[in-house]
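Just so you know, all these numbers are worked out from the coordinates, no wet-lab data involved. What you see is a predicted model, and the numbers here were worked out from it, not measured in a lab. Backbone-built Cβ (ideal geometry, glycine too); neighbour counts: all protein chains shown.
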Amino acid sequence: MKQKNKTVEYHLTTSEFTWEIAAGKSIHAWGFNKQLPGPVLRANVGDELVIHLVNNLEEATTIHWHGIRLPASMDGTDGVQQMIEPGGVFEYRFIVPDAGTFWYHAHTNETVQMERGMYGALIVDDETDPVFDEERIFMIDDMKLNNRNEFTKPSWFLPRMMERHDGRQGNTLLLNGRENLVINMQGGQTERWRLINSSSARYFHLHLDGKPFKLIGTDGGLLEHPVSMNEILVTPGERVDIAVGPFAEGEKFPMESLAYNRTTFLTPKRETFANVIVGEGRATKLNLPERLRMIEPLAKQDSAITRKVIMSVDPRLRDGKDFRINGHAHVNDKPVIAGELQVWEVSNTSLMDHPFHLHGFFFQVIEENGKAPAFISWKDTYNVKPKSKVKIAWMPDHRTGTWMYHCHILEHHAAGMMAMFKVIDGSTKYEEKAVTHVHHH
């Protein structure tokens, strides 16, 4: 029997508060409902979410619902919404059409607000989901703190430039707002781990002491089939769902991020985020089918490109907008027409990685540097490696309005690597043409 869709309401208040990241170690955080991360918001596919937001920060904010296919007016960017001023309220209201692991975060002054804790998970369930013994949500973050546990701000020109160039990568590693988390699992059981990279710039290269796990979902929900692996890269903004276990009682191993060189001034290193301790064995109720869903391909590898998006970086370090889309900072890109298939070539001409994020829509990667991907999946954030070209296909639907795409390294977005564009319906296009024509006479 299909569940009846319902309205699910949440109340969120943003404020500054003291948060303990480890025993006796507190920070001055910003966030939702005095929690870091904010509360987990949960609904079933097709439900309407209503979020009543009160802003008790001393600056304006907005909330972006990352990965949700909602109306443009609810997307939370300054292109579609008035800032919610201090003391202000706003009601976000939208239907959640897809099952998967999503998240919400500030979309105003992100380099400060998100760095301090303005994010939380948004999970959409479906009754057809595979069955696990346990489910965990892990929000990956790091913070740059001084020895008094205060957020640092580089004051000198060069460190400031380097931080803007690299993205702000922290020295304090957090999982769900805690340092050195201990994950207690039961032997013989398989868990679903939903990983969300909510950090400003950190590339999280998941490794569980070489133990295999199964990738079952990406940004836009389940894959067609589980894929076995023993490491996976999760870049800022991305989500992965993995099936972890079963392990034997008494096993202990770290949850690490392997060194990943994203070509910055920082030396990449291997780091431990948490430790897994396996307790006594329990019976399992796992039901993970070999076919999880069907994903229809949107386009062929050789489909004609409809738009080129070039991400570039001015090699000169200077205090300005030197991160660019198609040669410009903070671009207004041309509109797309609802119902017309988009095949975009996203290229990265720079020497550093950039996670490309498209608001409001999922895309399929159909080619990377001439090669088709190993499996098909729905994405809204994808890492474009240095000197690389990625071909993505996506379908704009009737949700007309202003949307955005940008690099999800927050400092790069702030420094110019962002574009706005409109989705318009076909009839508007011809009216616009007619108007222009009149104008010329």
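Summary of computed values
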| item | result |
| --- | --- |
| Whether region 221-366 is rounded, prolate or oblate, judged on the alpha carbon gyration tensor where a/c under 1.5 counts as rounded | oblate |
| Residue-count net charge about residue 309 - beta-carbon cut-off 13 Å; Lys, Arg +1, Asp, Glu -1 | +4 |
| Calculated Rg and Dmax of the Cα atoms in Å (choose from [x] 21.7, 82; [y] 21.8, 70; [z] 25.8, 83), label | [x] |
| Long-range HN-HN contacts of residue 336 with modeled amide H, under 5 Å | 422, 423, 424 |
| Backbone HN-Hα couplings from phi across region 127-142 [Karplus 6.51/-1.76/1.60, Hz, Gly and Pro as x] | 5, 8, 4, x, 9, 10, 6, 7, 10, 10, 10, 10, 9, 8, 8, 9 |
| Interchain or long-range residues, amide H under 5 Å from residue 350's placed H | 313, 387 |
| Hull shadow area, averaged, region 1-127 [alpha-carbon convex hull, nm²] | 8.1 nm² |
| Region 130-293: radius of gyration over Cα atoms, expressed as a fraction of 2.2 N^0.38 Å | 1.14 |
| Net charge of Cβ neighbours under 13 Å - reference residue 32; Lys, Arg +1; Asp, Glu -1 | +1 |
| Local electrostatic count at residue 186 - Lys and Arg +1, Asp and Glu -1, tallied over other residues with Cβ under 12 Å | -4 |
| Low-density loop cleavage sites - trypsin sites (Lys or Arg not before Pro) in region 1-58, where at most 11 other Cβ are within 10 Å (DSSP) | 2, 4, 6 |
| Backbone HN-Hα couplings from phi across region 270-285 [Karplus 6.51/-1.76/1.60, Hz, Gly and Pro as x] | 7, 9, 9, 9, 7, 10, 9, 10, 9, x, 4, x, 9, 5, 10, 10 |
| Cα coordinate range in region 307-430, projected on the principal axes (Å, largest first) | 45, 34, 21 |
| Where labels lie 7 Å past Cα in the beta-carbon direction, separation of residue 9 and residue 304 in nm | 5.2 nm |
| Residues residue 40 and residue 341, FRET efficiency given R0 of 30 Å [Cβ-Cβ distance, rounded to 0.05] | 0.30 |
| Ellipticity estimate at 222 nm from DSSP helix runs (n ≥ 4, -39,500 (n - 2.57)) divided over the chain, nearest 500 | -2000 deg cm²/dmol |
| DSSP-assigned coil residues among trypsin sites (Lys or Arg not before Pro) in region 128-225, each with at most 15 further Cβ atoms within 10 Å | 148 |
| Simple spin-label estimate for residue 127 and residue 253 in nanometres, 7 Å along Cα-Cβ | 3.7 nm |
| For region 1-64, projected area of the alpha-carbon convex hull averaged over all directions, nm² | 6.0 nm² |
